[in-house]
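Some notes on the structure that comes next.
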Amino acid sequence: MIRLIGTNEKGDEVLLYYAYTKSTKNFFKYITSSDGFEFNGSTKYVIVTDAKGREEPKYDWQNLLISRQKDQYIGIYKVNASTNKNINIAVSEDMIRWKKLGKIENIKEVGAVIPDYLYKHRHVLYFGEKNINLAYSSQLAEWKILDRPLLENRSDSFDNGEIEVGNVFNQDDHILLVYYAKHKIGNKTHYSVGAAGFDKKNPEQLLWRLNEPLWEEPKHLASDSFRPLGVAMVHNQIILYWVVNNSHVYAISCPLPVTGNIKDKDVQILLNKTHKNPIISPIPKKKWESRATFNSAAVYEDGKVHFVYRALGDSDLSVLGYATSKDGITIDERSDEPIYIPREPFETPGGNMFKTFADHFASGGGYGGIEDPKLTKIDNRFYMTYVAFDGATPPRVALTSISVEDFLDKKWDNWEKPRLISAPGMVNKSATIFPEKINGKYAIFHRVYPNILVDYVEDLNFDDNKYLTGQYFIPPRKKHWDSKKLSAGAPPIRTKDGWLLIYHAVGYQDSAKYKVGAMMLDHKDPTKVLYRTNNPIISPDEHYENAGHKSGVVYPCGAVVKNNDLYVYYGGADTVVCAASQNLDTFLSQMKNHKEPRLRRVSSPVLN
């Protein structure tokens with residue numbers, strides 16, 4: 001059985017230190033991880049000797065905290081032996097061969113030396129398991145303790161119990177202390193994690209302290225035993241490590257707090273709305289799009305953004321129009337006639353079948369038709385999902401397709417005969433298809449209130465009345481802005497971090513307004529949400545998002561990546577088409593940096 005000793009970062013890697021006994025011989029090792037969660041990198045033996053060259057007999061260590069100091073590393077640790085209550089210190093040039101310097105006689109609580117930092121030519125140690133204290137040393141062997149606590153608990157905050165040093169980091173403009181706030185509940189210790197910043201010109205001077213925890217033990221895990229293992233910083237993230245139930249290691253990635261704020265809670269990620277909004281508006285002279293042009297699909301092909309948008313005219317019949325833009329914002333071309341009209345009984349008012357748009361007007365028209373298109377390119381075809389509504393029965397999802405060549409040549413008569421792919425008798429909307437197969441199958445999102453549903457299908461033929469069933473689902477989040485209902489918006493976009501899904505949602509806190517968010521999904525399993533934006537990325541706060549048929553609605557149906565910029569296209573107030581954009585790398589970085597901390601199990605061959 002291995003004994004977990006601590007963690008530390010070295011460059012862009014995290015090191016997990018552990019020890020074990022085999023055939024009465026004791027071994028000390030570390031294993032590396034490039035992301036802080038999968039420890040499957042190189043493994044090294046660690047050797048610790050005393051001043052006489054004798055090797056450490058048991059490696060019965062705990063609470064190991066390592067700090068780099070220019071040409072050496074300083075390790076502070078405790079020993080489990082009942083005869084040694086003081087913390088110990090060791091040094092190394094390579095983190096593999098260590099030399100013990102012995103006990104620090106006047107300090108018995110876990111501590112960490114500020115890395116790459118000297119104050120008046122002295123090393124600085126933050127230590128403590130009840131309060132946080134400070135000590136100075138010129139030679140590492142003897143330490144002078146500050147005569148007052150540096151940080152104490154707060155009676156009116158999450159850290160109103162004992163507080164213990166987690167780790168300390170040397171940042172550009174401050175010293176960052178991460179600490180554990182401990183609360184006894186029966187025989188169990190419940191942990192929260194706090195942070196504070198100290199002045200680099202004076203490490204005794206507190207600059208700020210978080211009023212909210214970086215992370216705290218989830219209530220649903222109250223019966224589990226948590227023990228802190230270490231705190232590392234890698235890829236500009238804090239990673240907290242825990243031993244759970246004395247058997248497994250879990251970790252949580254948290255954003256760096258800056259000047260007393262927690263980024264993921266206090267900073268909004270927003271797309272930039274173009275000053276040219278709305279980019280597509282109704283044309284009163286055209287009776288098929290005289291009242292509304294909104295909820296547009298979008299694809300980037302042949303150097304242009306192609307829009308397929310929903311249009312309402314004098315008869316209130318919903319049809320689809322077409323437009324293009326070279327820069328993604330300015331419309332260069334727009335169709336004179338609809339490019340797609342209701343053709344089947346399931347999408348025409350009164351259940352009639354029509355061949356031309358004029359036939360609809362001859363029948364008197366009525367509310368219904370083709371709504372909210374989504375376009376996905378798969379191989380050499382564009383697949384279009386949309387909401388089919390006959391004006392009487394519950395709206396359903398329909399599917400058609402057209403070759404890329406015919407689409408670019410505007411051969412609109414070559415749309416494939418549409419077919420319904422959702423079951424009758426229930427409202428099903430917002431379907432969109434992934435642009436590539438997942439594990440050999442096509443993945444499709446759709447929406448039955450209040451969840452996003454996920455289905456995997458062998459093909460896109462949907463023969464013999466086969467329908468989407470909702471094999472998996474992604475639910476709303478309680479107490480968040482998307483707490484009431486949510487739907488997939490634009491087709492998912494593959495990124496380096498996962499599948500980026502732009503979605504729209506409604507929350508109970510503001511139930512009259514539709515807002516837009518983003519979530520990152522696992523590449524291999526898009527039913528697994530890696531993280532979501534904690535705030536809307538688009539909210540209906542402009543006049544063109546409120547002055548229309550439905551005030552307070554922003555509704556995305558298309559998104560493209562052009563020159564590494566993300567463009568999201570959405571309907572405003574069910575009346576116009578609008579656009580918002582952001583550099584893709586910037587947006588992905590903001591999403592990752594502001595993601596909600598979530599406990600993940602650490603994987604490693606040494607832990608199996």
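The values are calculated or read from the model by the stated rules, or taken from the named source; none is laboratory data. Every value quoted in this text rests on a predicted model; they were computed, and no experiment measured them. Ideal geometry is used to build each Cβ from the backbone, glycine not excepted, and the neighbour counts take in all protein chains shown. Keep in mind that these areas ignore ligands, DNA and RNA; they rest on the heavy atoms of the full protein, side chains included. Shrake-Rupley method; radii C 1.70, N 1.55, O 1.52, S 1.80 Å.
Here are a few things to note about the model shown:
- Per-residue HN-Hα couplings for the stretch 464-474 [Karplus 6.51, -1.76, 1.60; θ = phi - 60°; Hz; x = Gly/Pro]: 6, 6, 7, 10, 5, 10, x, 5, 9, 8, 10
- Hz values of 3J(HN,Hα) by residue in the stretch 276-293 - Karplus curve (6.51, -1.76, 1.60), Gly and Pro given as x: 8, 4, x, 8, 9, 10, x, 10, x, 6, 9, 5, 7, 9, 7, 9, 7, 9
- Packing around the peptides 502-511, 50-59, taken as the average count of other Cβ atoms within 10 Å per residue, puts them in this order, highest first: 502-511, 50-59.
- Fully extended contour minus Cα-Cα distance, from Asn246 to Asp541, at 0.36 nm per residue: 101.1 nm
- In this rough spin-label picture, where each label sits 7 Å from Cα along the Cβ direction, the Thr21-Glu436 distance is 5.1 nm.
- Placing dummy labels 7 Å off each Cα toward the beta-carbon, the span from Glu301 to Gln72 is 6.7 nm.
- The stretch 512-608 has equivalent-ellipsoid semi-axes of 33, 15, 11 Å, by the square roots of 5 times the alpha carbon gyration tensor eigenvalues, sorted largest first.
- Working note: 222 nm ellipticity from helices only, DSSP H runs with n ≥ 4, each -39,500 (n - 2.57), summed and divided by the residues of the chain, gives -1000 deg cm²/dmol to the nearest 500.
- For Ile280, the residues 5 or more places off, or on other chains, whose built amide H falls under 5 Å of its own are Val577.
- Solvent accessible area, Å² - Leu146, 1.4 Å probe, full protein context: 30 Å²
- Accessible surface ranking that places the most exposed of Asp156, Asp336 first, with a 1.4 angstrom probe: Asp156, Asp336
- Relative contact order computed over the stretch 477-608 (Cα-Cα under 8 Å; 6+ residues apart), in percent: 18 percent
- Amide H within-cut-off set for Asn40, under 5 Å, with H built and near neighbours excluded: Ser34
- One chain, two ends: Asp94 and Leu206. Fully extended at 0.36 nm per residue, the span grows by 37.0 nm beyond their Cα-Cα distance.
- Ranking Pro349, Phe587, Ile163 by Cα position along the charge dipole of the chain, where only Lys, Arg, Asp and Glu carry charges on their C-beta atoms, puts Ile163 farthest toward the positive end.
- With the simple spin-label model, which puts each label point 7 Å out from Cα in the Cβ direction, the Ser34 to Arg54 separation comes to 4.3 nm.
- Translational diffusion coefficient (Stokes-Einstein; Kirkwood radius from C-alpha pairs) of the stretch 72-197 at 20 °C, 1.002 mPa s, in µm²/s: 138 µm²/s
- A cut-off under 15 angstrom between Cβ atoms defines the neighbours of Leu206, and their net charge, with Lys, Arg +1 and Asp, Glu -1, is 0.
- For Leu566, the residues 5 or more places off, or on other chains, whose built amide H falls under 5 Å of its own are Gln582, Asn583, Leu584.
- Distance from the stretch 168-244 to the stretch 1-71 (C-alpha centre basis), Å: 22 Å
- Estimated at 0.36 nm per residue, the fully extended path between Gln139 and Phe462 surpasses their Cα-Cα distance by 108.7 nm.
- Under the Karplus curve 6.51 cos²θ - 1.76 cosθ + 1.60, θ = phi - 60°, whole-Hz ³J(HN,Hα) for the stretch 328-342, x wherever Gly or Pro sits: x, 10, 7, 6, 9, 8, 8, 5, 7, 10, x, 9, 8, 10, x
- In this calculation the C-beta distance from Asn608 to Ala512 is compared with R0 = 56 Å, giving a FRET efficiency of 0.65.
- Shape category assigned to the stretch 378-487 from the gyration tensor of Cα positions, a/c cut at 1.5: prolate
- Pairwise FRET efficiency - Glu416 versus Ser157, Cβ, R0 = 56 Å, nearest 0.05: 0.35
- Computed from Cα atoms, the angle from the helix 584-593 axis to the main principal axis of the chain rounds to 50 degrees.
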